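Heads up: the structure comes next, in structure tokens.
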Amino acid sequence: MSVSRLSFRRLAGAVSLGLALASGAVHAAGEQYFPLQSYRVGPYAAGGTGFFGGFIDYMQLINTRDGGVNGVKLTWSECETEYVVEKGVECYERLKKGLNGAPAAATNPLSVGIAYATLDRSTADRIPLITINHGRTDSTDGSVFPYVFPLQLNPYSEVSAIVNYVGQREGGFEKLKGKKIVTLYHGSPYGKETIPILDILAKKYGFTVTHIEVPHPGTEQQSQWLNIRRIKPDWVILRGWGVMNPVALKTAAKTGFPVDHVIGNIWSNSEDDAAPAGDVAKGYISITTHPAGTDFPVLKDIEKHVLKAGKGNLQDPKRFGNVYYNLGVVNGILNVEAVRIAQAKFGKRPLTGEEVRWGFEHLNIDNKRLQELGAVGLVQNLKLSCADHEGGGAVRFQQWDGAHWKVISDWVQADRALLRPIIEKSAAAYAKEKGITPRNCAKES
Amino acid sequence: MLSLTGSGQFSTRYAQDRRIFRLWQARAGLAVLLAVAYVVVPLWASDYWFSAILIPFLVLSLAGLGLNLLTGYAGQLSLGSAAFMAIGAFAAYNFQLRVEGLPFLVSFVLGGLVAAVAGVVSGLPSLRIKGFYLIVSTLAAQFIVEWTLTKFGWFSNFNPSGVITAPPLVMLGTDLSSPAGRYLLTLSVVTALFALAGRIVRSDLGRNWMAVRDMDTAAAVIGIPVVRTKLLAFAISSFFCGVAGSLWAFAYLGTVEPHGFDLNRSFQVLFIIIIGGMGSILGNFLGAAFVVLLPLLLSNLGGSLLAGVIAPGDTENLQKILFGVLIIVFLIREPEGLASLWRGLWARARVWPLRD
């Protein structure tokens, strides 16, 4: 019994020590803090390590090359979410207060589930919630979701662009009539987000669409692909994530579906999605907003100032410049630009989340700015406003040659005019359900 | 010097003798604990404590209690706790959505009742099969419920992502959506249901449960209605789990999808009662504390002590290893769970400073 009693006492000691460490904050102002709800273990670790590796390396670059943003150094700390919602919420609550007096600029959970769960919290705490290339589609309407930013590409734009591309490939939208498309989606809020919009597009263009779910994490897809073989679709849209993607490609090959008629979405487009499937993945098509590669000047700078100095975040240096990594860099660029724009208005000091939010809402990345950033071709032109928190809406298509992604199309624009009323309607319904009074964007500066 | 001896405390009426806490010292301790939980904690705690530690701790204690009534007291093994939590949450959401002006607490209760009905249905096999075989049938409930809620959009009001969001938590004109408000809401519901469970397990029904658990043939022989007893165990257990599910969805996360209540959640609840102690009310709190707080503690410690020393992904895996080792150590030292450790400490304290 005495040993058990001792262990209790030790436990109590450890508890108080941990709490003291968790709350003990040394004041070191003058820095801008990025809370990172990262994930480096679990089935989605490939995405997490790449994305957060790129994000951190870019912030490191800003610190070492430029001495921070206008002299304000960037700082960050990580909290592991494993892509699990509760852990993400816990991390959000743990990190939101800032670090050692440095205020939090924005959260970037890279998980739709966590984004949904922290959406209300971010708004109440006045910290921007960035869901680059994913997220809740109707949060594009910034009048209802002032703190949420599905930057570059929301899920509706994504499928709309894919359908536009399929139309091109078939030789015009009228040829889509009678075609069969299957979407194979990840069984999560992220995967399901696009079901209604695909139904609308199917009605508009006269093709039939079948939605087939793959339960998380998606390591077994035999029955789904047998079903696809029975349907005999012209195209399969793959809305996968993590390990589900290579399994889908392998199973497609096994059941005899041509992978060059499988189009991967923005979370099925990395080397880590195609390469594990081996030779059978050759010909697989996917969309991208951020091509892989290390030739962009900004990546060269990262290599020179961060990697060569031994400060790189990636454990496996071979992943430098891959799709996930470059998305992290793009995300870093957009976050830092928002801080820079907000500093121009509010002063060159660490900013509150509310001030950084203004910066995001006034993001304006044109070709000139891209040139200065060394990111031409890596980032698309982006202009946000109070009403439009997405800003871009264009993708390119790339094809896997067995070792690398080759870009095979120019920018394909989503039909944003068609999507806008649907987004506004959905946002208005949300506002009504939640009792939110939308901002009047005409009056916002 | 506060002594825990019961000397001089005599029961003069039957009601006194039937009390759960027969020592005035225990009653005073409970009163102090409740006062701390209701008054001191809301004044002192930060958002992080409310939203990331206390609320999930309380909700999982309640879910653990639900399963403990079924498994610890009535002896029926189940792996379907998360399914009943999901039913509770989705039913409460739909009552909120479809019945105008329904107070949300009422919809929590209705959600719990729907879960209870589902619990009875999935408990029917328990009349024929026992033990591991029953686990399989409750496992079926787990998968069927998750599949149903995902497959039919009606349950999530055709939300494209299959996610339900919390109704406004307003009661009698008071907005409880702040972290402290959600904590107090959770605490009140949990306190009430724990008090109820404490009464149930000491009632006829509770004694019947234990008789069935220990040997159901013998229980039948002495005239205990085994069928009714088992099904009531399923119903009441599922009710508790259902309410816990509503709290999880609406007071803790604010939003939930069916996969938030997957098999892992069922396992988590099962671990809570195994670690905390089967057939114990207090054990649910201890087990939930172990399962919720310890990983957080390890993660906080790892984050601050090991940051920069080891790669973040490795610290995460180290924490998992450490947590697993701790579970094994605890179970070897105390196979009856933390509650039995507590009972030992209490017994020692009662005779202190003498030795037992």
### Neighbourhood charge, 12 Å Cβ-Cβ cut-off, centred on B:Gly303 and excluding it, Lys, Arg +1 and Asp, Glu -1
-3
## Note on the structure
Straight-line reach check, B:Lys130, cutoff 26 Å on alpha carbons, 8 or more apart in-chain or any other chain, hits among lysines -> B:Lys230
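Let me check against my output: what whole-number percent is the relative contact order of chain A, with C-alpha pairs under 8 Å and at least 6 apart? Don't skip to the answer; put the middle values down first.
Working: 870 pairs, mean separation 86.8, N = 445.
It rounds to 20 percent for chain A.
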#### Entry: Positive-end residue of B:Gly198, A:Ala387, A:Cys91, charge dipole of the protein assembly as shown with Cβ unit charges
B:Gly198
## Note on the structure
Computed ³J(HN,Hα) along the range A:240-251: with the Karplus parameters 6.51/-1.76/1.60, θ = phi - 60°, integer Hz and x for glycine or proline, the list is x, 6, x, 5, 4, 5, x, 5, 4, 5, 4, 5
#### Entry: Two-site label geometry, B:Ile328 and B:Leu263: point separation in nm, points 7 Å out along Cα→Cβ
2.3
### Query
Taking the alpha-carbon set of the protein assembly as shown, what are its Rg and Dmax in Å?
28.0, 95
### Message
Ignoring everything except DSSP H segments at least 4 long, calculate the 222 nm mean residue ellipticity for the protein assembly as shown; use -39,500 (n - 2.57) per segment, divide by total residues, nearest 500.
### Response
-16500 deg cm²/dmol
### Query
Got a sec to turn the phi values of the range A:61-70 into Karplus ³J(HN,Hα) couplings, 6.51 cos²θ - 1.76 cosθ + 1.60 with θ = phi - 60°, whole Hz, x for Gly and Pro?
4, 4, 5, 7, 7, 9, x, x, 8, 6
### Task
Set Lys and Arg Cβ to +1 and Asp and Glu Cβ to -1, take the dipole of the range B:21-351 about its Cα centre, and tell me which of B:Ser78, B:Ala89, B:Leu30 lies farthest positive.
B:Leu30
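Please work out the FRET efficiency for the pair A:Val407 and B:Val170, using the Cβ-Cβ distance as r and a Förster radius of 51 Å; give the result to the nearest 0.05.
0.45
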### Query
Given chain A reduced to its alpha-carbon atoms as identical point scatterers, what log10 I(q)/I(0) does the Debye formula return at q = 0.06, 0.08, 0.12 Å⁻¹?
-0.26, -0.45, -1.00
### Query
What spacing in nm lies between the two simple spin-label points modelled at A:Arg349 and B:Trp352, each 7 Å away from Cα in the Cβ direction?
5.3
### Query
Between B:Ser178 and B:Val106, 0.36 nm times their residue separation minus their Cα-Cα distance comes to what?
23.9 nm
### Message
On a full-extension model of 0.36 nm per residue, what is the gain between B:Gln9 and B:Val136, subtracting their alpha-carbon distance, rounded to one decimal in nm?
### Response
40.8 nm
## Note on the structure
HN-Hα couplings for the range B:271-280 via Karplus (6.51, -1.76, 1.60; θ = phi - 60°), in whole Hz with x for Gly/Pro, come out as 5, 4, 7, 5, 6, x, x, 6, x, 9
## Note on the structure
Check: C-alpha center the range A:290-351 vs C-alpha center the range A:28-94, spacing in Å is 12
### Summary
So, with points 7 Å from each Cα along the Cβ direction, the B:Ala311-B:Glu336 label distance in nm works out to 4.6
#### Entry: aspartates and glutamates with Cα under 19 Å of A:Lys282, excluding same-chain neighbours fewer than 8 positions away
A:Asp234, A:Asp260, A:Glu271, A:Asp272, A:Asp273, A:Asp401
### Query
Can you pull out the cysteines in the protein assembly as shown that have no other Cys Cβ under 4.7 Å?
B:Cys241
### Computed lengthening from B:Ser188 to B:Val117, 0.36 nm per intervening residue step minus Cα-Cα distance
23.1 nm
## Note on the structure
Too long for a 28 Å Cα-Cα cut-off, among A:Lys368/A:Lys425; A:Lys308/A:Lys383; A:Lys300/A:Lys406; A:Lys175/B:Lys151; A:Lys250/A:Lys406, are A:Lys368/A:Lys425; A:Lys308/A:Lys383; A:Lys175/B:Lys151
### Summary
Within the range B:156-189, the residues whose backbone N lies under 16 Å from a label point placed 7 Å from the Cα of B:Val39 along the Cα-to-Cβ direction are none
## Note on the structure
For the protein assembly as shown, the dipole about the Cα centre with charges only on Cβ (Lys and Arg +1, Asp and Glu -1), to the nearest 20 debye, works out at 1700
### Rg and Dmax [Cα atoms of chain B; Å; Rg one decimal, Dmax integer]
21.2, 66
### Query
Among the aspartates and glutamates, which fall within straight-line cross-link reach of A:Lys345, defined as a Cα-Cα distance under 18 Å, with same-chain neighbours fewer than 8 residues apart omitted?
A:Glu31, A:Glu337, A:Glu354, A:Glu355, A:Glu361, A:Glu444
### Task
Please get the size of the charge dipole for chain B, origin at its Cα centre, with Cβ charges of +1 on Lys and Arg and -1 on Asp and Glu, quoted in debye to the nearest 20.
1180
#### Entry: Whole-angstrom gap from the range B:98-139 to the range B:23-64, using each part's C-alpha centre
28
### Query
How much net charge surrounds B:Gly153 when only the other residues with a Cβ under 15 Å from the Cβ of B:Gly153 are counted, with Lys and Arg +1 and Asp and Glu -1?
-2
### Task
Would you please give the FRET efficiency between B:Leu124 and B:Arg343, computed as 1/(1 + (r/R0)^6) with r the Cβ-Cβ distance and R0 = 51 Å, to the nearest 0.05?
0.90
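Using a 10 Å cut-off around each Cβ, can you sort A:Phe55, A:Phe296, A:Phe346 from fewest to most neighbouring Cβ atoms?
By the 10 Å Cβ count, ascending: A:Phe346, A:Phe296, A:Phe55.
Each reported figure results from applying straightforward, stated rules to the coordinates on display, with no laboratory input. Everything numeric in this text was worked out from a predicted model, so none of it was measured. Neighbour counts are summed over all protein chains in view; Cβ atoms, including those assigned to glycine, are modelled from backbone coordinates with ideal geometry.
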